[in-house]
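Accompanying notes for the structure given below.
A short reminder: the numbers here are calculations on the coordinates, not readings from a lab. Model, not experiment: these values are computed from the prediction. Positions of Cβ are generated from backbone atoms using ideal geometry, with glycine treated the same way; all protein chains shown enter the neighbour counts.
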Ligand code: ADP
Ligand code: MG
């Protein structure tokens, strides 16, 4: 998925091609699958008032997120200067993307990025991977149940051999080796957690993490330490966990509800907030 579609660093990927065509008046042809993905992401940008934004590639690059958050190379990290940040922010903004899709005449979908804009699909990669894995599982009749774990994203599928429910522990951001509680799920669900406790770097006592607030250009500080989303779609679970993390408790809960997703939020002081439906599937640690 990385090599063919999502990676902005791999020349063979669709996102690489799209980014390379930024500023080209002819736009860039994209596969229907990519067009559908982009459409969902752009919609979420609108509904989250820009808190979730896949056009923040220029910003994630000046923060060098790939280096330290993905590869763990924190040595020599320094935050970008205000000028670097400002000039990167000018290149971001989903509102300036044009996506032509379902054209009626059957022609291929096209995307138009303004000069300098770069897509970063890092927030939805694992969710999409879960959706692909789900398709593979559905082709295997002998698989009656499975749990698939990809970093912060989990897929439950089918049933357990012993007939019991799936149990998923939600990490405690203040001590990720223990949990704030357990989710109890039946059948097929996608669960995604975004937090500031796994990938971060500390410089002069300041902790920088990898989820950026497009409104400020800095790592998001919304009073949350983690957000867990439970819903039917891998893409949506992954995207919403990032979006709600940036938005904070009140707006985050509203956004999750508007998508019919369940959300569990851990605030900085350890307070748990959740949607109504989450109360039925989550039991807090005693
Ligand atoms: P993880 O990849 O650790 O599970 P997320 O799913 O929350 O975490 O995605 C974080 C990644 O998404 C970052 O590494 C970056 O590539 C990208 N990103 C950061 N901030 C945003 C944002 N506000 N909107 C969309 N994507 C973002
Ligand atoms: Mg995410």
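One table, with the values for the structure above:
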| quantity | calculated |
| --- | --- |
| Strands (runs of 3 or more DSSP E) (entirely within region 1-119) containing at least 3 residues that are over 19 Å from the mean Cα position of the chain (by Cα) and surrounded by 19 or more Cβ atoms within 10 Å (Cβ to Cβ) | 109-112 |
| From the options 228, 184, 275, residue that is free of Cβ contacts under 8 Å to residues at least 40 places away in the same chain, surrounded by 13 or more Cβ atoms within 10 Å (Cβ to Cβ) and more than 24 Å from residue 58 (Cβ to Cβ) | 275 |
| Pairs where the first residue, in region 114-130, is at positive phi and the second is more than 16 Å from ligand 2 (Cβ to nearest atom), C-beta under 8 Å, 6+ apart | 116/22; 116/23; 116/58; 116/90; 116/91 |
| Tally, over region 160-201, of residues that are part of a loop (DSSP other than H, G, I, E, B) and in contact with a helix residue (DSSP H, G or I) (Cβ under 6 Å, 6 or more places away or on another chain) | 1 |
| Checklist (1) more than 9 Å from ligand 1 (Cβ to nearest atom); (2) touching a residue at least 24 places away in the same chain (Cβ under 8 Å) applied to residue 214, failing item | (1) |
